[in-house]
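Here, each number is a calculation from the coordinates, and none is a lab measurement. A quick note: this is a predicted structure, and the numbers were derived from the prediction, not measured. Because the Cβ atoms are built from the backbone with ideal geometry, glycine has one as well, and the counts that use them run over all protein chains shown.
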Amino acid sequence: WARNMALLNMAMMDAAVVCWDTKFTYFNPRPSQIDPRIKTPIGLPNFPSYISGHSTFSAAAATVLGYVIPSKSQQYSDWAREASVSRMYGGIHYRSDCEVGLTTGGKVGTYAVNRGHIDGAE
């Protein structure tokens, strides 16, 4: 399991790097910063909206965990989508933030899985 945790943590760290690099490259305001009538039930994060961190991290983790435990792959993907959409329903992300976050996180997770295939650890 140590190798599995290493792959998961590599993917999560890579997801953090790509997500925050994107956030501070595009610096998109959050929905409530554009329309003050939008009230968020959980408060407003103090960093840009695009791309959704929850979506990026969740998809990266779901991809790696689906590789490690294939029988639960669909469940992990479903949970990632649920985490993603919750951010939109909470009023702190646009749909595009969430969709691009899921796509990006999936690519990051796939990169980690591919690394696991070629490093001889299987």
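Structure notes:
- If the chain linking D119 and A2 were pulled fully straight, counting 0.36 nm for each residue of separation and taking away their Cα-Cα distance, it would gain 40.7 nm.
- From its DSSP helices (H runs of at least four residues, each -39,500 (n - 2.57)), the chain gives a residue-normalised ellipticity at 222 nm of -23500 deg cm²/dmol.
- Cα→Cβ-extended label distance, 7 Å offset, between T110 and F24, nm: 2.8 nm
- Loop-resident sites, the stretch 1-83, for chymotrypsin sites (Phe, Trp or Tyr not before Pro), counting at most 15 other Cβ within 10 Å (DSSP): W1, F27
- Label zone of S96 (point 7 Å out along Cα→Cβ, amide N under 12 Å): in the stretch 49-65 this covers 50-51.
- Where the Cα pairs of the chain fall when distances are cut into 10 Å bins, in %: 15, 42, 28, 12, 3, 0
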